[in-house]
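Down below is the structure, laid out as structure tokens.
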Amino acid sequence: MSDEEDIVLSELNDDELVEQMFDDLYDGLKEEIEEGVNILLERGWMPYDILTKALVGGMTIVGHDFRDGILFVPEVLLAANAMKGGMAILKPLLAETGAPRVGKMVIGTVKGDIHDIGKNLVAMMMEGAGFEVVDIGINNPVENYLEALENEQPDILGMSALLTTTMPYMKVVIDTLVEQGLRDEYTVLVGGAPLNEEFGKAIGADGYCRDAAVAVEMAKDFMSRKHNQLAG
Ligand code: B12
């Protein structure tokens, strides 16, 4: 690349820099994203504004193009990785400045299933939207979910399954929650390519989400209803 084509991030004004960060996130350029985040911090931006305006803003574009079949999994993972780089800088600062925490989610892939790309994307997007996310990984028997729910006391339980043979296990987890009288304490969201809305209803989940963007919207919606209930 010639010198003329090199973009010096620190020479851009704020709007141009945020635009450029959208592009860099789209292209999965982690170092550039980290540099952009640091420049905005030096310019006095609040960590929460950097998170929502630059990173989540950029990830929303990535999410839309993924949904529309313009971007594919490898690109989305690179973008998510770049976002992670920026989030790692912001996370401790967000904790200090007490950015509004929208809610908390425990998420994991069910027993017998090791697919985790979609789950990781959901976790990233949820974090990007301000949720605290505890990821319990893959291949989780019901005991793991119960333990995480007890220890973390989340608002939302998320379960992922990519195999037609493992998706029924979600019902095992939900039935166990019912048996133990815990079902009403959590909003249960489920997702994964072989699922659909009817399946979500049939197993007693609160919602089925076809992608990470829907997951974020639905989670926010449930949280605002919960707050309204508590207020009323
Ligand atoms: C990548 C992949 C793998 C990788 C997984 C790597 C990893 N770290 O995840 C590897 C190679 C390991 C693998 C293994 C296997 N795989 Co595979 N795999 C896939 C593939 C190609 C892509 C899945 C993926 O990552 N999609 C991209 C993500 C972003 O999409 P997603 O997972 O659907 O997630 C989105 C939504 O569903 C939703 N979502 C997902 N989870 C959650 C959770 C919550 C709470 C919410 C709200 C939303 C949500 O949001 C996500 C983001 O938008 C699919 C094919 C496909 N098109 O689905 C096959 C596929 C799922 N695999 C399949 C099979 C059969 C297997 C194996 C059994 C193969 C074998 N014979 O060994 C093993 C199973 C191992 C096991 N026990 O789990 C079949 C399943 C068929 C079926 N009907 O059950 C598929 C459909 C391929 C096929 N057409 O045959 N696989």
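The residue pairs whose first member lies in the stretch 101-118 and is under 11 Å from PRO154 (Cβ atoms) and touching a residue at least 12 places away in the same chain (Cβ under 8 Å), whose second member is near the ligand (Cβ under 10 Å from one of its atoms) and hydrophobic (A, V, I, L, M, F, W, C), and whose beta carbons are closer than 7 Å, counting only pairs six or more residues apart or on different chains, are GLY103/ILE156; GLY103/ALA219; MET105/MET126; MET105/ILE156; MET105/ALA219; VAL106/LEU157; ILE107/VAL122; ILE107/ALA123. Restricting attention to the stretch 177-185, does a residue exist that is loosely packed, with under 12 Cβ neighbours inside 10 Å, modelled with pLDDT of 95 or more and closer than 30 Å to PHE72 by Cα? Scanning the stretch 177-185, I find no residue that is loosely packed, with under 12 Cβ neighbours inside 10 Å, modelled with pLDDT of 95 or more and closer than 30 Å to PHE72 by Cα, so the answer is no. Taking the criterion of being surrounded by fewer than 17 Cβ atoms within 10 Å (Cβ to Cβ) and in contact with a Gly (Cβ under 7 Å, 6 or more places away or on another chain), no residue of the stretch 35-48 qualifies. If we keep just the residues of the stretch 179-218 that are closer than 20 Å to GLU152 by Cβ and assigned to a helix (DSSP H, G or I), which is nearest to the ligand (Cβ to nearest atom)? So the residue we want is ALA215. Only a single criterion out of (1) at pLDDT 95 or above; (2) touching a Leu at 6+ places or on another chain (Cβ under 7 Å) is not satisfied by VAL142, namely (2). Scanning the stretch 159-202 for residues that are farther than 19 Å from ASN144 by Cα and free of Cβ contacts under 8 Å to residues at least 60 places away in the same chain yields LEU163, THR164, THR165, PRO194, LEU195, ASN196, GLU197, GLU198, PHE199, GLY200, LYS201, ALA202.
Residue-wise test of (1) within 16 Å of the ligand (Cβ to nearest atom); (2) outside any helix (DSSP H, G or I).
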| residue | (1), (2) |
| --- | --- |
| ALA79 | yes, no |
| MET83 | yes, no |
| LEU93 | no, no |
| MET105 | yes, yes |
| ASN144 | yes, no |
| ILE174 | yes, no |
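Results for (1) modelled with pLDDT of 90 or more; (2) farther than 18 Å from ALA219 by Cβ; (3) within 16 Å of the chain's Cα centre (by Cα), shown as yes or no for each residue.
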{"position": "ASP65", "(1), (2), (3)": "yes, yes, no"}
{"position": "VAL73", "(1), (2), (3)": "no, yes, yes"}
{"position": "ALA82", "(1), (2), (3)": "yes, yes, yes"}
{"position": "LYS104", "(1), (2), (3)": "yes, no, yes"}
{"position": "ILE107", "(1), (2), (3)": "yes, no, yes"}
{"position": "MET124", "(1), (2), (3)": "no, no, yes"}
{"position": "LEU146", "(1), (2), (3)": "yes, yes, no"}
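Could we say that MET87 is surrounded by 17 or more Cβ atoms within 10 Å (Cβ to Cβ) and farther than 28 Å from ASP175 by Cβ here? So MET87 passes the test. Taken over the stretch 31-51, the criterion of being free of Cβ contacts under 8 Å to residues at least 12 places away in the same chain and either part of a helix (DSSP H, G or I) or of a type in the set (A, V, I, L, M) (or both) is satisfied by GLU42, ASP49. Taking the numbered list (1) without any contact (Cβ under 8 Å) to a residue 60 or more places away in the chain; (2) under 29 Å from TYR48 (Cα atoms); (3) not hydrophobic (A, V, I, L, M, F, W, C) in turn, GLY128 passes all entries but (1).
The values are calculated or read from the model by the stated rules, or taken from the named source; none is laboratory data. As the structure is a prediction and not an experimental result, all values here were calculated from the model. Cβ: placed from backbone, ideal geometry, glycine included. Neighbour counts: every protein chain shown.
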